[in-house]
Amino acid sequence: MYTWKIGIHQMDKVIFTAAVTGSIHTPTMSPYLPVTPKQIADQAVEAAQAGAAIVHLHVRNPETGQPSSDPNLFREVLTSIKQKSDVVINITTGGAVTMTPSERVQVVPLFRPEMTSLNMGSMNFGLYPMAKKKVPDWKFEWEQKYLEGTRDAVFKNTFSDSAFFCKTMYENGVKPELECYDVGHVYNVKQHIIDGSVKTPVHLQFVMGVLGGIGSTPDDLLHMKMIADRVIGAENYTYSVCAAGKMEFALCVLSAVSGGHVRVGLEDNLYLSKGVLAKSNSELVSKIKSLVYDVTGKEGATPDEARQVLGLKGKDKTNF
């Protein structure tokens, strides 16, 4: 029987992250998905007011909602959030499966954020089943083609890519959030530690339920944590959990119960409850915050408490 190991991830409060828009869902799927810089920034600030200590950011073409890597769009979102909120800003370097590594990493030296995400392995990233769902007419021509295209796409994150991303992050004082979509990615983290490209303590994001990665059952999550405890060592990492779709709340509560942190948001899940679309990221944050408190008695960490736990440099040292 597996026994929970007590490590640095054990704390009295939970760090809530809001993943505001992502690159998975398309505008036809929900009228509440933020696509313009103003919508993304406003929803990020509202999520922070609801209890998110961290916001995880992608940007989109404001005309079509298509995932974008445009630095000007990022700058507009980043400066707006920073002016209105003390929230920790975590910028994606995952971007979208269609983007090149150079497009994805450019945000690091440009903006020098406190955190960025970093995918820890190449993988199939299957969004194509969503193209078959019954929806009204697609609002934009790109949507169905984009989803169908993932049937034959590999999301490239080689050891060389990841080492270069990490080097760029550390040179710019950026804390990497290591996104593990499967058990093999945890072993990749260990190898990067051995190679010296990743520094401990690390912060892991267990991403559950993306087609091509691990599933989204409690057993899957417990197995990921067990492997991380054994391979990386409980004293060497903090972790958070996000889950695609309907298992979002269940696995996030399980993460909080087991000593981890939590990510919700319209990037991962569009629904507040069965058949009911979430109208904002703040609704999702408010719901998980309430559930976690009811089950565990734990309250949400403030942005400054999250900075202390994760060893972040502070928002005054960013380049935006």
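The values are calculated or read from the model by the stated rules, or taken from the named source; none is laboratory data. Given the structure is predicted, the values throughout are model-derived calculations rather than measurements. Cβ atoms come from the backbone with ideal geometry, glycine included; neighbour counts cover every protein chain shown.
Taking the listed residues Gly7, Gly22, the one that is at pLDDT below 95, part of a loop (DSSP other than H, G, I, E, B) and not hydroxyl-bearing (Ser, Thr, Tyr) is Gly7, with no other qualifying. Looking at this structure, is Ile232 within 27 Å of Lys156 (Cβ to Cβ), assigned to a helix (DSSP H, G or I), of a type in the set (A, V, I, L, M) and in contact with a strand residue (DSSP E or B) (Cβ under 8 Å, 6 or more places away or on another chain)? It is true that Ile232 is within 27 Å of Lys156 (Cβ to Cβ), assigned to a helix (DSSP H, G or I), of a type in the set (A, V, I, L, M) and in contact with a strand residue (DSSP E or B) (Cβ under 8 Å, 6 or more places away or on another chain). Of all residues in segment 258-269, count the ones that are in a loop (DSSP other than H, G, I, E, B), among the charged types (D, E, K, R) and touching a helix residue (DSSP H, G or I) at 6+ places or on another chain (Cβ under 8 Å). Selection size over segment 258-269: 1. Among the numbered conditions (1) buried (at least 17 other Cβ atoms within 10 Å of the Cβ); (2) closer than 17 Å to Ser23 by Cα, the only one that Met120 does not meet is (2).
Results for (1) crowded, with 20+ Cβ neighbours inside 10 Å; (2) aromatic (Phe, Trp, Tyr); (3) at pLDDT 95 or above; (4) outside any loop (DSSP other than H, G, I, E, B), shown as yes or no for each residue.
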| residue | (1), (2), (3), (4) |
| --- | --- |
| Thr28 | no, no, yes, yes |
| Gln39 | no, no, yes, yes |
| Ala47 | yes, no, yes, yes |
| Glu63 | no, no, yes, no |
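One residue is enough: does segment 267-278 have a residue meeting the conditions within 17 Å of Met29 (Cα to Cα), of a type in the set (Asp, Glu) and either surrounded by 19 or more Cβ atoms within 10 Å (Cβ to Cβ) or without any contact (Cβ under 8 Å) to a residue 24 or more places away in the chain (or both)? Checked against the condition, which is being within 17 Å of Met29 (Cα to Cα), of a type in the set (Asp, Glu) and either surrounded by 19 or more Cβ atoms within 10 Å (Cβ to Cβ) or without any contact (Cβ under 8 Å) to a residue 24 or more places away in the chain (or both), segment 267-278 yields at least one hit. When Leu272, Leu284, Leu291 are checked against the criterion of being assigned to a strand (DSSP E or B) and more than 30 Å from Thr200 (Cα to Cα), Leu272 stands alone in meeting it.
Taking into account only those residues within segment 147-191 that are assigned to a helix (DSSP H, G or I), among the hydroxyl-bearing types (Ser, Thr, Tyr) and buried (at least 21 other Cβ atoms within 10 Å of the Cβ), which is farthest from the chain's Cα centre (by Cα)? Before you say what the answer is, go through the steps one by one.
Pass one, segment 147-191, residues assigned to a helix (DSSP H, G or I): 147-152, 159-171, 183-191.
Checking the rest, the ones that are also among the hydroxyl-bearing types (Ser, Thr, Tyr) come to 150, 160, 162, 168, 170, 187.
This time we only want the ones that are buried (at least 21 other Cβ atoms within 10 Å of the Cβ), so: 150, 162.
On the way: Thr150: 20, Ser162: 17 Å.
So the residue we want is Thr150.
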